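The values are calculated or read from the model by the stated rules, or taken from the named source; none is laboratory data. Just so we're clear, the structure is a prediction, and the values are computed from it rather than from any experiment. Quick reminder, even Gly has a Cβ in these numbers, built from the backbone with ideal geometry, and neighbours come from all protein chains shown. Side chains are part of the model used for accessible areas, which takes the heavy atoms of the whole protein and leaves out ligands, DNA and RNA. Shrake-Rupley method; radii C 1.70, N 1.55, O 1.52, S 1.80 Å.
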Amino acid sequence: MTMSTLRFPLLSRLLHWLMAAMILAMLFIGIGMVSSLADYHWLLSIHRPLGIAILALVAVRLANRLINPPPPLPADMPAPMRLAAHASHVALYALMFAVPLVGWAMLSAARYPVVLYGTLTLPPILPQNAMAYAWLRETHTVLAFALFAVFLLHLAAALAHGLVFRDGVLPSMASLRAGRGPAGERG
């Protein structure tokens, strides 16, 4: 398998790696919140605004993806791998929207403020409801684990493309060079 030399546009690559770092940080902050009561409030003060930043950036990223579609997958990629690649991207986008939205709804149902910075808070998106809070809390946890699992599968697939298949898929996202092709005509 060999992919063309096309790369993702520079903005797509920047958003991809920025969000990868943010999501990874968010997952470890979430684990830290569960395992360390001493740092819980400090971690929570980071977790909430970081989640809202991820929600905002995934909207920007989706709009960017619609405006600047990704380069095509290698033409000789087997159909099951092609399907898995598309399904994992759909799952990643759905979870990047769902996890922070469910978290915001969960906090709204408990009447906990979502403090972005100082006195800047987001309005509640659900009325106060203890049953909804309990259900959304469980859902938030399950979706976060699902996001972590899909994230790891995505990472494993990227490494397989880069180290095993050597088909150009990984460099299309990992390249530091500007532009969208061998001549760098877009970017």
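Here are some residues: Ser45, Ser108, Ser36. Which one is surrounded by fewer than 17 Cβ atoms within 10 Å (Cβ to Cβ) and either among the charged types (D, E, K, R) or under 20 Å from Val142 (Cα atoms) (or both)?
Ser36
Might you let me know whether region 173-186 holds any residue that is at pLDDT 75 or above, part of a helix (DSSP H, G or I) and touching a helix residue (DSSP H, G or I) at 6+ places or on another chain (Cβ under 7 Å)?
Scanning region 173-186, I find at least one residue that is at pLDDT 75 or above, part of a helix (DSSP H, G or I) and touching a helix residue (DSSP H, G or I) at 6+ places or on another chain (Cβ under 7 Å), so the answer is yes.
Leu14 passes all but one of (1) farther than 22 Å from Leu143 by Cβ; (2) at pLDDT below 90; (3) exposed (fewer than 15 other Cβ atoms within 10 Å of the Cβ); which number fails?
The number of the failed condition is (2).
Whether any residue in region 17-33 is open to solvent by 70 Å² or more (accessible area, probe 1.4 Å) and closer than 16 Å to Ala174 by Cα is what I want to check. Steps first, answer last, please.
Of all residues in region 17-33, those open to solvent by 70 Å² or more (accessible area, probe 1.4 Å) come to 17-18, 28, 31.
Checking the rest, the ones that are also closer than 16 Å to Ala174 by Cα come to 17-18.
Yes: one or more hits.
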